[in-house]
Amino acid sequence: MNLLCKILLWSCLCCVLATPVQAQQAGQAEGAMHQHPSQDQSLHEKFYSTWHMPDNPSVSCCNNADCYPTEMKYVGGDIYARRREDGKYILIPPRKVERSRDNPDGRNHLCAPPPNVVNPSDTVFCFTLGGAT
């Protein structure tokens with residue numbers, strides 16, 4: 001019985017330790033599978049590929065999958081943008097709003113990872129307002 005308990009305990013421990021690694025690999029595979037739609041590829045080449053976080057200019061906003069045109073709304077003076085993967089409107093922190101660069105096409109653009117276990121819920125890398133908002 002003692003040996004059986006030890007084996008069960010070690011099995012559980014190995015499963016718990018392997019879970020974060022599997023989640024990170026799943027998030028990387030998901031990002032690798034998703035690419036910009038063909039109609040937005042020129043946006044990536046001209047805008048997303050050179051866009052850096054407003055609050056951390058040494059870090060890029062986009063990894064060839066995180067940025068896309070989106071809808072937005074104001075709620076109580078705060079900006080919310082629609083996340084592509086699940087349609088949820090997520091709060092845009094003011095420090096993530098681009099204010100020192102021209103918008104490429106007049107649309108709203110959001111750079112955010114898909115919701116998963118690797119990134120905290122509702123993470124936003126960058127956002128820019130469109131001209132028609």
Distance (nanometres) between label positions extended 7 Å along Cα→Cβ at LYS46 and VAL97: 2.5 nm
I need the calculated FRET efficiency for the pair ASP55 and TYR89, taking r as the beta carbon distance and R₀ as 25 Å, to the nearest 0.05. 0.75
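Just so you know, all these numbers are worked out from the coordinates, no wet-lab data involved. Every value quoted in this text rests on a predicted model; they were computed, and no experiment measured them. Cβ sites come from the backbone with ideal geometry, for glycine too, and all protein chains shown count toward neighbours.
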